[in-house]
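Read the structure below first, then the notes.
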Amino acid sequence: MAATRLLRPLLMSALALASGLGCTNAYLQNEGLYEFTATEVIRDDCGLLSASSVQDSWDTGELIITGEVVRMNYELMDMQLIGAFLEGGLTEDDGFMLDGSVANAPLSAKGTQCTVEQVAVHLEATTRCATQFDGVLRVRYEPRIEQPQCACQVWMSYRAVQNGRPCILPAP
């Protein structure tokens, strides 16, 4: 009986420690707010990005990591993206992807004011260091039947940096 009283607190401490270990981030990428910069316009049927907007800030997103699941509260139309890591943890070049959509969104595309049925976003990312990831962002506008001129897509390469701290690359 005395041994049981002695072992119970030790067992409870071990369980608490083990459950805490499961909540750690197994990936190099930091959680938090990132600023996106377009680095190359790949496709812009919508006329939303100009050559001058490359290298300009293009939105922000708050990255949230829970195990293998990745979420982002993305500033573009107050959208939440959800996805997952694609590779093993704690290394550079971890990949993740996120998808999200919003319905009945107003926008200006091709010089026309539109309200589209859905805006769908797909983001592919590669971790470069704890404070930076980059990849390709695709935004697809799906118009209402009466506004076919509003159908368009924007694809761009981007870099996302946390707190203005991009990766420091080693000298060649």
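A few remarks follow.
- In the condition set (1) at pLDDT 90 or above; (2) surrounded by fewer than 19 Cβ atoms within 10 Å (Cβ to Cβ), Ala171 is compliant with all but (1).
Conditions (1) at pLDDT 85 or above; (2) surrounded by 11 or more Cβ atoms within 10 Å (Cβ to Cβ); (3) on the phi > 0 side of the Ramachandran plot, marked per residue:
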residue	(1), (2), (3)
Tyr27	no, yes, no
Gly32	yes, yes, yes
Glu35	yes, yes, no
Glu40	yes, yes, no
Cys46	no, yes, no
Ile64	yes, yes, no
Tyr74	yes, yes, no
Ile82	yes, yes, no
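- Qualifying residue in the range 104-113 (condition: in contact with a Pro (Cβ under 6 Å, 6 or more places away or on another chain) and surrounded by 14 or more Cβ atoms within 10 Å (Cβ to Cβ)): no
- Of the residues making up the range 135-150, just one is of a type in the set (Lys, Arg) and touching a Lys or Arg at 6+ places or on another chain (Cβ under 9 Å), namely Arg138.
- Within the range 137-167, the set of residues being within 16 Å of Thr37 (Cβ to Cβ) and either among the polar types (S, T, N, Q) or surrounded by fewer than 17 Cβ atoms within 10 Å (Cβ to Cβ) (or both) comprises Ser157, Gln162, Asn163, Gly164, Arg165, Pro166, Cys167.
The values are calculated or read from the model by the stated rules, or taken from the named source; none is laboratory data. Given the structure is predicted, the values throughout are model-derived calculations rather than measurements. Cβ sites come from the backbone with ideal geometry, for glycine too, and all protein chains shown count toward neighbours.
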